[in-house]
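Each value in this text was obtained by applying a stated rule to the coordinates, not by laboratory testing. Values in this document were obtained by computation on a predicted structure and should not be read as measured data. In this analysis, Cβ positions are derived from the backbone assuming ideal geometry, glycine residues included, and neighbour counts consider all displayed protein chains.
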Amino acid sequence: MDTCKRCFILSLVFFMVFFEDLGTNVHGFQGEEQIETTVEDFLDHSPHFTTTQGMYDVEEVADDDDDWQMVQAKGNQFVVNGQPFYVNGFNTYWLMVFAADQSTRGKVSELFQQASSVGLTVCRTWAFNDGQWRALQKSPSVYDEEVFKALDFVVSEAKKYKIRLILSLVNNWNAYGGKAQYVKWGNASGLNLTSDDEFFSHPALRSYYKSHVKAVLNRVNTFTNITYKNDPTIFAWELMNEPRCTSDPSGDTLQSWIAEMAAYVKSLDAKHMVEIGLEGFYGPSAPARTQFNPNSYATQVGTDFIRNHQALGVDFASVHIYADSWISPSISDAHLEFTKSWMEAHIEDAEKYLGMPVIFSEFGVSRKDPGYNSSYRDTLINTVYKTLLNSTKKGGSGAGSLLWQLFPDGTDYMDDGYAIVLAKSPSTSNLISLHSTRVAIFNSRCSWKCRWGCRKKNSLEKFLYRDDL
């Protein structure tokens, strides 16, 4: 979308919000609720900026490569084409596996279409499946080409819907292989490994991992003919999903691995951003911050939020939020209080010590939790979005969030309890869409902020930051 079209659209949004400030009757009604409806109605009927067919026109996206540039970290913000890029996104980890089967491949397209329809712009998914069913990597450096083509499809399809991808490169957990599979491969080759944590320390396993990184980054997409390391569709590389090294609570082992692997990724691909994949637990380098950890065990898992993110080559911080796993499974207001304080602590540290953006890259609540209801889920999502907007309006490091997790209809058998199916969750869908609209408006402010007086600016800010998401 060119700047003139964007400014025209935002001017009309301003017009409607400005009338709210004057108390003027719009479309025959008065008050904030109707203004919000009017804004949404306008966006729905704009051919370039919609909430029913996607925040941006799909056909236009496919042809508009000039605007499809790499996202970069600049200070405590993400930027693309000189504009801020605050993220409203989601996780769906199994996209490659579904794309590998023609009978389920359509679910990938369906998911991206639905995510685009509520304005989500970043998806986090796995670029690994090690030694398992439908494995991408069948053994060290041996790949199933059909599964690699499935990952190619995921990347190419994401671009069609103007969704960028965070691609995670290995799992800490056993699902989809993980570090345990690397240890099995090592032992099969004659090594005598006794702990899964030797994934982080043994030279042979480090070499296995580097070979996988190289294979993915240098992959030429069979659908687009673009090498992954040159493709702006990829938002960032994630070193590992939720790394932990409990055998070394000091954090030295994991720190060494992070430093080596972040540098290695950058040596192959200096264009894309790199993040670690951490859950965000505070460790020995910041004893005063461990008060924010959800429990005492969190200090013993070998991770260290501040120290880990100070490694060269790491561009932004990642944090997960699972009060129902870390504190107690029973739903309570204490979970909401923890979520807010956990986020605020990490935003503050990202600003004060790291000088980088932070993404809350997994958050959600399980329907299996005692006391769960959809209203509580909406309240939790609202808490995350409000906390981020409070950072955004101050120019802070709170750069976005990724729901865990978004599913299309008919994939219930993959659900871990956290899945959100938009068609079955209208209130949650509306909440996500409204936050996406606010984020999209804020991302466009640089091109028009000087054209409006303070009164109109204040009116827009009421829409952007009003508490009642």
Once normalised by the length of region 145-248, the mean sequence separation of its alpha carbon contacts under 8 Å that are 6 or more apart gives a contact order in percent of 40
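Report the equivalent ellipsoid semi-axes for region 173-281 in whole Å, largest first, defined as the square roots of five times the eigenvalues of the gyration tensor built from alpha carbon atoms.
Values: eigenvalues 134, 57, 29 Å².
Calculated on Cα positions only, the semi-axes equal 26, 17, 12 Å.
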Just to be sure I understand the model, the point goes 7 Å from the Cα along the line to the Cβ. What's the resulting S211 to D409 distance in nm? 4.5
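Can you give the FRET efficiency for L312 and W133, using 1/(1 + (r/R0)^6), R0 = 45 Å, r = Cβ-Cβ distance, to the nearest 0.05? Spell out each step's value before the answer.
Details: r = 37 Å, r/R0 = 0.83.
For R0 = 45 Å, the calculated efficiency reads 0.75.
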Return the long-range amide H neighbours of I420 (sequence gap of 5 or more, or a different chain), with a cut-off of under 5 Å between placed amide H atoms. Q405, L406, F407
Region 250-315-region 81-108 distance, computed between alpha-carbon centres (Å): 26
If amide H atoms are modeled at 1.01 Å from N in the peptide plane, then the residues at a separation of 5 or more from Y143, or on another chain, having amide H under 5 Å from its own are K138
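Taking 25 Å as the cut-off for C-alpha to C-alpha distance, list the pairs among K159/K340; K179/K210; K162/K394; K74/K393 that go past it. Mind dumping the intermediate values first?
Working: K159/K340 33 Å; K179/K210 13 Å; K162/K394 27 Å; K74/K393 17 Å.
Too far apart for the 25 Å limit: K159/K340; K162/K394.
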Phi angles of region 360-377, converted by Karplus (6.51 cos²θ - 1.76 cosθ + 1.60, θ = phi - 60°) into ³J(HN,Hα) in whole Hz with x for Gly and Pro, give 8, 8, 8, 7, x, 9, 8, 5, 7, 5, x, x, 5, 8, 5, 5, 5, 4
At 7 Å along Cα-to-Cβ for each site, give me the label-to-label distance between Y143 and S425 in nm. 3.3
Note down the magnitude of the dipole of region 148-287 about its Cα centre, charges +1 on Lys and Arg C-beta and -1 on Asp and Glu C-beta and zero elsewhere, to the nearest 20 debye. 680
How many nm is it between the label spots at Q72 and S375, if each spot is 7 Å from the Cα in line with the beta carbon? 4.9
Between S195 and A175, what length comes free when the chain is fully extended (0.36 nm per residue of separation minus the Cα-Cα distance, one decimal in nm)? 5.5 nm
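Which whole-number percentage describes the relative contact order of region 95-174, with Cα contacts under 8 Å and a sequence gap of 6 or more? Kindly include the intermediate steps, with their values, before the conclusion.
Numbers: 107 pairs, mean separation 31.5, N = 80.
Dividing the mean separation by the residue count of region 95-174 yields 39 percent.
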Sorted largest first, extent of region 209-347 alpha carbons per principal axis (Å): 50, 31, 23
